[in-house]
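Please read the structure below before turning to the comments.
Taken together, the values in this text are just the output of simple stated rules run on the coordinates, not laboratory data. The structure presented is a predicted model; accordingly, all values stated were derived computationally and were not measured. Ideal geometry is used to build each Cβ from the backbone, glycine not excepted, and the neighbour counts take in all protein chains shown.
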Amino acid sequence: MLAVSTIGILLLKNDFNTSIDMQTENAISEHSYMVSNISNKIITARLQSNSILLTTSQILNVLGDIFEDSKINPTTIVALFNKNNRVLYNNVPISLDTSILNSAGSSNTSSTDSNLYYTQILKVNGRMRLIVASPIVLEKQNFIFVTSTDISNIYASYSNQIRYTKYMCITLSLVCAIILLTLSKLLLRPLVNLNRTTSAIATGDYSQRITIYSDDELGELSYNMNIMANAVEKNVNQLKEVAENRKTFINNLSHEMKTPLTSILGFADIMRIKRNLSDEELSDYSNIIFDEATRLKNLSGKLMELITIGETNLDFSETETTELFSQIELVMKPIMITNNISFTVSCDSCFIYIDLELFKSVILNLLDNAIKASENDSTISLIGKIENDDFKIQVIDKGIGMSEDDISKVTEPFYMVDKARSRKAGGVGLGLALCSSIVEIHNAKLDISSRLQHGTNVTVSIQIQKKEQ
């Protein structure tokens with residue numbers, strides 16, 4: 001607006017100067033015409049009077065006749081001065097500033113060049129006047145001829161235009177300020193929203209998301225901030241879940257250790273205090289202490305395996321599946337016979353890349369769980385088959401089965417579907433958690449499908465090792 005205002009004022013100034021220049025040219029032309037007319041009238045009067053030269057009074061009479069008979073611009077003042085700047089003739093009774101006469105009279109007193117014009121703009125009696133002065137020789141006498149034109153209308157017009165421009169600039173500046181304020185608020189609204197949402201996220205409200213208003217840089221920034229918020233929320237939830245799982249793990253561990261220790265201490269205390277124990281009591285108490293100590297041993301062993309599974313240096317090797325299944329069958333067959341369970345094994349031949357001992361632990365744990373869930377005279381199947389590029393190991397039992405809710409929690413440490421039954425069988429609730437960790441290390445998949453009272457099918461899928469691999 002400052003630039004526009006400056007340009008507007010400069011244009012008005014230029015227009016004003018042009019008007020003054022045109023008015024000056026018109027005033028000089030009118031002045032020149034009057035000078036020529038006066039010279040001609042003086043010559044005519046001299047010839048009519050048959051005089052050699054007219055006197056000053058005769059010259060003034062001629063001037064009076066000229067300007068009384070002629071119609072000149074009413075705003076124009078005509079005056080004649082002698083060499084001493086004394087007014088000899090003035091057609092309008094108005095005081096006239098004669099400062100211009102000093103230069104015109106001093107430089108042209110003896111000159112006969114009537115084309116020398118001196119112009120000056122002066123404020124006379126509150127009006128702006130354009131004064132034109134030139135030396136004139138009449139009847140061999142030196143005079144100064146002056147015309148004065150009122151140009152106040154030009155100045156008034158210029159003043160009005162400047163005032164109008166000033167008011168227009170102030171009005172437009174206010175309008176532009178309001179428009180810019182509104183636009184700035186609209187343009188900054190996404191940034192304000194971005195700032196408000198990020199502040200909320202920074203204070204812990206990770207559910208907040210930024211509303212995207214456009215596809216520009218701010219929109220892209222908002223989109224990336226939302227991605228960041230999603231990642232932060234996910235990580236925070238994971239940390240909360242880990243913390244909760246650890247708390248649950250510790251609580252379960254304390255509970256699992258407390259039960260056998262209480263039994264061991266209780267029965268050991270009875271054996272210590274009671275002096276006369278029968279052989280039957282001694283055998284019973286000893287068996288209980290042995291069983292509970294075995295549970296503690298199994299618990300500590302499973303915990304060590306679960307804790308160190310990610311830190312142990314793994315020994316991966318190419319293993320033939322039928323050989324792996326033969327080793328498993330050799331270990332599990334006596335246990336199945338002891339539990340009066342029918343055990344069937346079938347396997348397709350291929351090679352898989354595994355840590356043999358860890359992977360055997362997975363299958364043995366799955367079979368151990370199947371035994372705990374099965375009744376006598378039941379059947380457990382261990383099947384290994386090739387499907388596309390995967391080798392699938394299935395452990396199928398006809399036991400008590402699990403609900404959907406149990407399936408979603410069964411790989412959590414210390415979770416047991418039937419706690420009484422599991423503890424009676426020596427379980428500690430860490431088998432499937434351990435299996436899940438080992439399977440994850442092998443980039444394999446663990447799948448569990450089950451129905452209550454209809455048995456369970458646990459499937460481990462691992463990629464087959466091809467020759468080119």
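If I take R0 = 51 Å and measure r between the Cβ atoms of Ser403 and Ser184 in this structure, what FRET efficiency does the formula 1/(1 + (r/R0)^6) give, to the nearest 0.05?
Details: r = 61 Å, r/R0 = 1.19.
Calculated transfer efficiency: 0.25.
Put +1 on the Cβ of each Lys and Arg and -1 on the Cβ of each Asp and Glu in the range 328-396; which of Thr338, Leu358, Ile393 then has its Cα farthest toward the positive end of the dipole?
So the residue furthest toward the plus end is Thr338.
Taking the highest mean first, how do the peptides 265-276, 49-60, 338-349 order by number of other beta carbon atoms within 10 angstrom per residue?
On the way: 265-276: 11.0, 49-60: 12.7, 338-349: 14.9.
Ranking, from highest mean packing down: 338-349, 49-60, 265-276.
Rounded to a whole number of µm²/s, how large is the Stokes-Einstein D of the range 124-165 at 25 °C and 0.890 mPa s, given Rh as the Kirkwood radius over C-alpha pairs?
Details: Rh = 12.6 Å.
Approximately 195 µm²/s, per Stokes-Einstein.
Between Phe290 and Arg163, what is the label-to-label distance in nm when each label sits 7 Å out along the Cα-to-Cβ direction?
If labels sit at Phe290 and Arg163, their model points lie 12.2 nm apart.
At a Cα cut-off below 18 Å, give the aspartates and glutamates reachable from Lys123, other chains included and same-chain residues fewer than 8 away excluded.
Reachable aspartates and glutamates: Asp21, Asp97, Asp150.
Any idea how far apart Glu30 and Ile43 come out in nm if each label point goes 7 Å out from Cα toward Cβ?
Those two pseudo-labels are separated by 2.5 nm.
How would you rank 450-458, 146-154, highest first, on the average number of other Cβ atoms within 10 Å across their residues?
On the way: 450-458: 17.1, 146-154: 19.7.
Per-residue mean Cβ counts within 10 Å order the peptides as 146-154, 450-458.
So, in Å, what gap is there between the alpha-carbon centers of the range 20-71 and the range 170-187?
Each part reduced to its Cα centre gives a spacing of 64 Å.
Rounded to the nearest 0.05, what FRET efficiency do Met1 and Asn84 give with R0 = 45 Å and r taken as the Cβ-Cβ distance? Could you check?
On the way: r = 56 Å, r/R0 = 1.25.
Approximately 0.20, to the nearest 0.05.
Using r as the Cβ-Cβ distance of Thr459 and Ile273, and R0 as 45 Å, what FRET efficiency do you calculate, to the nearest 0.05? Walk me through the numbers before you get to the answer.
On the way: r = 53 Å, r/R0 = 1.18.
Computed FRET efficiency for Thr459 and Ile273 comes out at 0.25.
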